[in-house]
Amino acid sequence: MTADDYREMALSLPEAVESAHMNHPDFRVRKKIFATLGPDKTWGMVKLTPEQQAQYMQAEPGVFSPASGAWGAGGATIVQLEAADPVTVRQAMIAAWRNTAPKRLAAQFDEL
């Protein structure tokens, strides 16, 4: 998966917009970050719950890993793009979007 694939995937979600945070791209829903793209564009981050993070790390340990420090302990999960399967990343990205989007907005998109 490429950085462009990751970006396109993030922006395909309802009301997703690209912004910037600490000089690299991030993806937001209603001004809240649900994913980022690393400065070197070899990795991304999805904002999962700790439980979701554990599931993805167990399923694909070479692809998903916790971000460093408290962010990682809270569910921020690094995605190694080159090793990533787009179907699995889309599932994680949708979970991150749902975790971040207002409940009413997320409820409108049950098909995601």
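Just a few scattered comments:
- Flag if Ile94 is under 13 Å from the mean Cα position of the chain (by Cα), in a helix (DSSP H, G or I), under 20 Å from Trp43 (Cα atoms) and of a type in the set (Val, Ile, Thr): yes
- Residue pairs whose Cβ atoms lie under 9 Å apart, sitting 6 or more positions apart in sequence or on different chains, and linking a residue in the stretch 77-105 that is over 14 Å from Gln52 (Cα atoms) and touching a residue at least 40 places away in the same chain (Cβ under 8 Å) to a partner that is among the β-branched types (Val, Ile, Thr) and in a loop (DSSP other than H, G, I, E, B), are Leu81/Thr2; Leu81/Thr42; Leu81/Val63; Glu82/Thr2; Glu82/Thr42; Ala84/Val63; Asp85/Val63.
- Restricting the stretch 1-29 to residues that are more than 19 Å from Ala101 (Cβ to Cβ) and loosely packed, with under 12 Cβ neighbours inside 10 Å, the residue that is modelled with the highest pLDDT: Asp4
The values are calculated or read from the model by the stated rules, or taken from the named source; none is laboratory data. These figures come from a predicted structure and were not determined experimentally. Here the Cβ is made from the backbone with ideal geometry for all residues, glycine too, and neighbour counts use every protein chain on show.
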